[in-house]
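To start, the structure under review is shown below, and the notes come after it.
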Amino acid sequence: MSVAFTRDWLLAETPASRAQAAWGRRYRAWLGLRANPLAMIGLAVVVAFVLLALAASLLATHDPGAQDLANRLARPSAAHWLGTDELGRDIYSRILHGGRVTLGMVIAVVVLVAPLGLAVGCVAGYFGGLVDRVLMRVTDVFLAFPRLILALAFVAALKPGVESAILAIALTAWPPYARLARAETMTVRNSDFIAACRLTGAAPARIVLRHVAPLCVPSLVVRITLDMSSIIITAASLGFLGMGAQPPSPEWGAMIATAKRFIFEQWWVPTGPGIAIMLASLAFNFLGDGLRDVLDPKQR
Amino acid sequence: MRKRLGSLASGLASIALTLLGLAIVTFLIGRVMPIDPVLAAVGDNAPQAVIERTRAEMGLDRPIAVQFLTYLWQLAHGDLGRSILTKNAVTSDIARYFPATLELATAAVLVAAVVGVPLGVWAAVRQGTVIDQTIRVVCLAGHSTPVFVLALGSLLIFYAILGIAPGPGRQDIVFQDMVPHVTGLLTVDALIAGDYDALRDALAHMVQPVLILAYFSMAYITRMTRAFMLDALNGEYVVTARAKGLSGTAVVWRHAFPNVGVRLVTVLALTYAGLLEGAVVTETVFAWPGLGQYLTVSLMNADMNPVVGATLLVGLVYVGLNLLADLLYRQLDPRVR
C-alpha cells in the first residue's frame, strides 16, 4: 500500500483505512500543538536537551573528569566557557555529561513506571471488585507519602547511588498513573464496543491489552510529560541531599551540592547546573501543558 | 443517616488499612538496610557470642512477623525507638524539631493561598489573554525550579550581595533561647512573651524560606483555581447573574467564587501536605532546625530510627490532611452530602 503523506490525505473527512484515520488524528494533534507557542518552545528545548545529552562527548571541550588543580574555581573564560569547579574540572563539559545522567534517570523511571501503572490501573478498573479494592489500597499507601520523603527513606535503606535513586523514584511515581488508568478504564468498561468484544469471545486479557489500555495511553502520555519535570527535580534533589548520584558523577544536583560551599565567592560554579535543571524541567512542563490541551481537552 | 454511618465506617476502615500500610512500608524501610544493625552496634570484630546475644537483645533473632507485631505494639504506644546520633527518644526529638517545620509550612501555605487564589481567578476571568499566559508562565517557572536552586540564589542575591536579608538559621544568635519555649513556634512564643525584637527577628528569618516555598507551591493552587473558576463561570447561574445586570466583580466574587472556594479547601490541604516535602530541601539550605534537617542528618548517618519516625509522621500528617479535606468538603458543600 503506497501512502502519500499529503495534507489532504491526512485531513480527509472520510479516511479510507485505519492507518489514514490514525495518522489523521496524530496530524490534527500536531496542528493543535503547533498553534501553542509555549508548547513549541518546550518541545524545542526538550529536543535540544536530548540531542545535547546524546552528543555530549562530541560537544564537550574537556574531559568532564579531568582535574586541573592549578586552575581551580576559575572564572568563565575562552578556555573554560562556564569556568571550572573546585577540582579544576570544566563546568560546561560536566553540565553536558550531567544531561546524560539526568536523561538516563528520567527514561529509566518512565520505562519502569508507565507499564506498571498502566497494568495496575487497567486491571483494577476492568475487573473491579476485590481486585480493584486490594490494588487501590496498595496505591493509596504509596500515595500517602510525599514523593521525595519516601524516595529518601528508600535510598537510605538501599544504598545511595543512581540505581537506588531510580528505583526509589519509580516506587513513588507509579501510583498516580495507576489511578489515572483506572479512572479511564472505568469510563470505557461498560461501553458497547467492549460488550461487543466480549460477545465475540475475546478473553479478558485481550480486551484489556488491545482495547482498554490503548485508550488510556493519551492521558498517560500527558501525565508522564508533566511528571518528567517532577522526576528531574526529585532526582536533582536526591543528588543535592547526597542520596542520588555520587560526587565524581557530573549529576546536576550533586554538582550544586558540592558547589554550595563557595556560592558566595564563586557564584558561577553552581549557577550553570542550576539553570540546566530549571530549563529542562520547565521545558517538559511547557510541553506537557500544551499536550494536555491537545490530547485531553476535557481537563483544560 | 444509616447511609452516612455506613460511609463513615467504610471510610474509617480504609484509613485503618492505609495506616497499616504506612506501618508495613516504614517497617520494611527500617529492616532492609544493607548494614546489619547488630554489627553496627557491636562492631565487626566482636566475638560470635556477643553478636548472638546482642541480636537476641535487639529482638532481631525472632521471626519477621513477630518483629513486625512488636513494631506495631511500640507504635501504638508512641515508641519510635532511640536515635543513635542524638541519644534521645525519637518522639522527643521530633517534638522539638517539628514546630519549626510547621511554622514554615503554615506561613508558606498562607502566602501561597493569598497570592495564588486571586491570580487563578484573574487568569480565569482573562482566559486566553496575555495576562492568562503570563500567570501561567510565572507559575510554571516556580514549579519547575528546584527549591534548593531558588534558595541558594536568594541567599546569594539578598544576603550576600544586597545584604538586606538575614542569613541562614531560624533566629539571630543574640535571641537564641531568649524567648521562653511554649509552643515551639518562635513567632507565637515571642508574641506570648511580648518580645517584639525577637518577633521581628524571627519574622525576618522566615521571609526567604517562606516566600520560596510559597512560590513553589503557588503553581498548583493557581492552576486549580483557574480550572475551577472556568468551570464555574460557564454555569447557568453566572449567566443569570450577568443577565440581571450585576457588575463583573460581583458576578465573579459573589456568585462564582463561593462555589469554587469549597473545592479549593481540598487543594489547599494537599498543598500543605506537599509543603512538608519542600521543607526538607529548604531546611537544609537555610540551616532551619526542623524535621527536614533532622531527617537528612539522620539519613547521612544511617540512623534508621529517626528516618522511620520522621517518614511515619509525614505520612500520618498527609493522611490526616487528606481526611480533613474530605470531611470539610462534605461539610461545606451540600451537593455531596
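The values are calculated or read from the model by the stated rules, or taken from the named source; none is laboratory data. Quick caveat: nothing in here was measured; it's all calculated off a predicted structure. Backbone-built Cβ (ideal geometry, glycine too); neighbour counts: all protein chains shown.
The set of residues in region B:276-309 being more than 9 Å from chain A (Cβ to nearest Cβ) and of a type in the set (A, V, I, L, M, F, W, C) consists of B:Ala279, B:Phe286, B:Ala287, B:Trp288, B:Leu291, B:Val297.
Is it the case that A:Arg75 is in contact (Cβ under 8 Å) with a residue 24 or more places away in the chain and of a type in the set (Lys, Arg)? So that I can check it myself, show each step before the final result.
Numbers: in contact (Cβ under 8 Å) with a residue 24 or more places away in the chain: yes; of a type in the set (Lys, Arg): yes.
Answer is yes for this residue.
Kindly indicate whether any position in region A:188-209 is surrounded by fewer than 23 Cβ atoms within 10 Å (Cβ to Cβ), within 27 Å of A:Arg147 (Cβ to Cβ) and more than 14 Å from chain B (Cβ to nearest Cβ).
There is no residue in region A:188-209 that is surrounded by fewer than 23 Cβ atoms within 10 Å (Cβ to Cβ), within 27 Å of A:Arg147 (Cβ to Cβ) and more than 14 Å from chain B (Cβ to nearest Cβ).
Of the residues A:Ala151, A:Ala173, A:Ala119, A:Ala157, the single one that is surrounded by 24 or more Cβ atoms within 10 Å (Cβ to Cβ) and either over 15 Å from A:Ile224 (Cα atoms) or at pLDDT 90 or above (or both) is A:Ala151. Restricting region A:229-260 to residues that are surrounded by fewer than 24 Cβ atoms within 10 Å (Cβ to Cβ) and touching a residue at least 40 places away in the same chain (Cβ under 8 Å) leaves a set whose member that is nearest to the other protein chains (Cβ to nearest Cβ) is A:Gly242. Only a single criterion out of (1) in contact with a Phe, Trp or Tyr (Cβ under 7 Å, 6 or more places away or on another chain); (2) over 30 Å from A:Val294 (Cβ atoms) is not satisfied by A:Gly42, namely (2). Among the residues of region A:156-184, just one is within 12 Å of chain B (Cβ to nearest Cβ), among the aliphatic types (A, V, I, L, M) and closer than 17 Å to A:Arg137 by Cβ, namely A:Leu171. Inside region B:204-231, residues that are within 11 Å of chain A (Cβ to nearest Cβ) and more than 25 Å from B:Val285 (Cα to Cα) make up a count of 5.
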